[in-house]
Amino acid sequence: MNKKYLFILSLLLPPAMTNAQENILDMTTARDADTSRKWTLHDCITHALNNNITLKKNNVAILSSKENVEQAKAALLPSLSASTNQSIGWRPWNEAGVSTVANGTVVNKVSKTYYNGNYALNAQWTLWNGNKNRNTLKQNILEANKAELDSATNANALKEQIAELYVQILYLNEAIEVNRQSLATSMKNEERGRMMVEVGKMSKADLAQLTAQTKQDEYNIVNAQAETEKAKMQLKQILELQGDMTFDIVIPEKNDHEALANIPALQTVYEQALASRPEIAGSLLNIESQKIGVKIAKAGKMPQINLTGGMGTSTTSMNNHGGSYQLKTNFDASLGLSLSLPLFDNRSTKTNVNKAKLAVIDADLDLQDKRKTLYSTIEGYWIDANTNQQKFKAAQASVESMQASYDLLSEQFRLGLKNIVELMTGKNNLVTAQQNMLQSKYMTILDIQLLKFYKGEEI
């Protein structure tokens, strides 16, 4: 498309083009020759969802919350512990010992060094603690689900940001083409002015104005290209791409039907957003979680019943019997219930309950705020979509009118019927109308796409 345009332009323009002008017109041609990958909007979103650091950190938070769930499940089961204690003792003045018979003779052995060994296995199971453990499990499950919804909320924000930058690049790319066409027209007018100066039909002062217009168009192209590269750099950063990596996007065929599409109804979008947006679902889970937190806090006032059990044995070298005999005879086991009732805890439980109730109120206010923000966001996109669509329709008619007007002015200027000021004014009006049309077009496309996104459709 660009090469074809340049070829046609070369036929219309005189050969005496400056190197600077050639560089401006050919600046994007080299870029077109780049065989590097071009990214679609879908490519950008998919890559970002898999590589964005914020989302990776969200995944870590999800895994951590799931570990809390497993820990809460384990708290419902009995705890079991095993222990042993081995010690060596020394009695330097011990006079009693062990008597044995050897070959008919009584032998008395006095051992000053001895050892003791203890072995135990203990278990404890909380039968009742005001349902604190069970409610903690429920709360942790809710928090794990909320962590996934928080990640989805961040993913949606990322998709929105990518779509905005992508559409901005599309707008800037087309704006560059408009500026290049404007430059070609200015160069043609400038060359025509030189010819008129040579035959005495134009002053050098008027020619200087035409030259200044050409330079301004060159500046506009460079500025638009710089803005395009800046937007691409921002998109690369979001995609977590290396800074030195060549990056470009797919430029779709120019069409206007997306900007003229039906705009979804405001109330319909909002109602469906309430039912599908993760930030709303996350706030609802947060309220439920905080309500369970109240129950957990109230459990501090409840009695706690534990089932306990244990078994153990011991051995010592101070005993005449062998170790296996000692292990058997010293074995004992126990089973029992323990009851604890909090009587006074320095107002700790009451404070925890009150704080938990305040957390419920705060969570409810957060939900209200999110609903309000959601409606405001959707309403803003809806108003902008309708406004920009009307602007686009008006701008289309304006461009057609300005183009016809400028073509007539250009012909009249050639015939000497219009002066340089009128010609430049007509050209500037045409370029302004073209830029307004592009801006309203892409803003409408973006607003409609975001409304559909909030409605539940994928970008």
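The values are calculated or read from the model by the stated rules, or taken from the named source; none is laboratory data. Since this is a predicted model, take the numbers as computed values, not measurements. Note that we place each Cβ from the backbone using ideal geometry, even for glycine, and neighbour counts take in every protein chain shown.
So the values come out like this:
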{"item": "Residue check for Leu183: more than 30 Å from Tyr454 (Cβ to Cβ), in contact with a Lys or Arg (Cβ under 7 Å, 6 or more places away or on another chain) and either at pLDDT below 95 or not hydroxyl-bearing (Ser, Thr, Tyr) (or both)", "result": "no"}
{"item": "Glu422 being surrounded by fewer than 16 Cβ atoms within 10 Å (Cβ to Cβ) and either among the hydrophobic types (A, V, I, L, M, F, W, C) or closer than 18 Å to Thr214 by Cα (or both)", "result": "yes"}
{"item": "Residue check, Asn223 surrounded by fewer than 19 Cβ atoms within 10 Å (Cβ to Cβ) and assigned to a helix (DSSP H, G or I)", "result": "yes"}
{"item": "Top-ranked residue of the stretch 311-328 - restricted to ones that are polar (S, T, N, Q) and assigned to a loop (DSSP other than H, G, I, E, B), ranked as farthest from Lys291 (Cα to Cα)", "result": "Asn320"}
{"item": "Odd one out for Asp244, checked against (1) under 27 Å from Ile459 (Cβ atoms); (2) without any contact (Cβ under 8 Å) to a residue 60 or more places away in the chain", "result": "(1)"}
{"item": "Restricting the stretch 329-351 to residues that are assigned to a helix (DSSP H, G or I) and under 47 Å from the mean Cα position of the chain (by Cα), the residue that is surrounded by the most Cβ atoms within 10 Å (Cβ to Cβ)", "result": "Thr349"}
{"item": "Hits in the stretch 226-255 - residues which are polar (S, T, N, Q) and outside any loop (DSSP other than H, G, I, E, B)", "result": "Thr228, Gln234, Gln237"}
{"item": "Whichever residue in the stretch 354-384 is over 25 Å from the mean Cα position of the chain (by Cα) and of a type in the set (Gly, Ala, Ser) and, among such residues, is nearest to Ser283 (Cα to Cα)", "result": "Ala359"}
{"item": "Among (1) surrounded by fewer than 16 Cβ atoms within 10 Å (Cβ to Cβ); (2) of a type outside the set (Phe, Trp, Tyr); (3) in contact with a Lys or Arg (Cβ under 9 Å, 6 or more places away or on another chain) - the single one Ala363 does not satisfy", "result": "(1)"}
{"item": "Hey, Glu258 at pLDDT below 95 and assigned to a helix (DSSP H, G or I) or not", "result": "yes"}
{"item": "Failed item, numbered, when Asp407 is tested on (1) within 22 Å of Met437 (Cβ to Cβ); (2) surrounded by 14 or more Cβ atoms within 10 Å (Cβ to Cβ)", "result": "(2)"}
{"item": "Pairs where the first residue, in the stretch 378-407, is closer than 18 Å to Leu260 by Cα and small (Gly, Ala, Ser) and the second is modelled with pLDDT of 95 or more and not in a helix (DSSP H, G or I), C-beta under 8 Å, 6+ apart", "result": "Ala385/Ile263"}
{"item": "Evaluation of Glu191 against (1) closer than 26 Å to Tyr442 by Cα; (2) assigned to a helix (DSSP H, G or I) (one fails), failing number", "result": "(1)"}
{"item": "Candidates Glu240, Glu227 - the one that is under 29 Å from the mean Cα position of the chain (by Cα) and either among the basic types (Lys, Arg) or at pLDDT 95 or above (or both)", "result": "Glu227"}
{"item": "Test: residue in the stretch 373-396 that is modelled with pLDDT of 95 or more, loosely packed, with under 12 Cβ neighbours inside 10 Å and assigned to a helix (DSSP H, G or I)", "result": "yes"}
{"item": "Residue match in the stretch 131-144 (condition: surrounded by fewer than 19 Cβ atoms within 10 Å (Cβ to Cβ) and either within 17 Å of the chain's Cα centre (by Cα) or small (Gly, Ala, Ser) (or both))", "result": "no"}
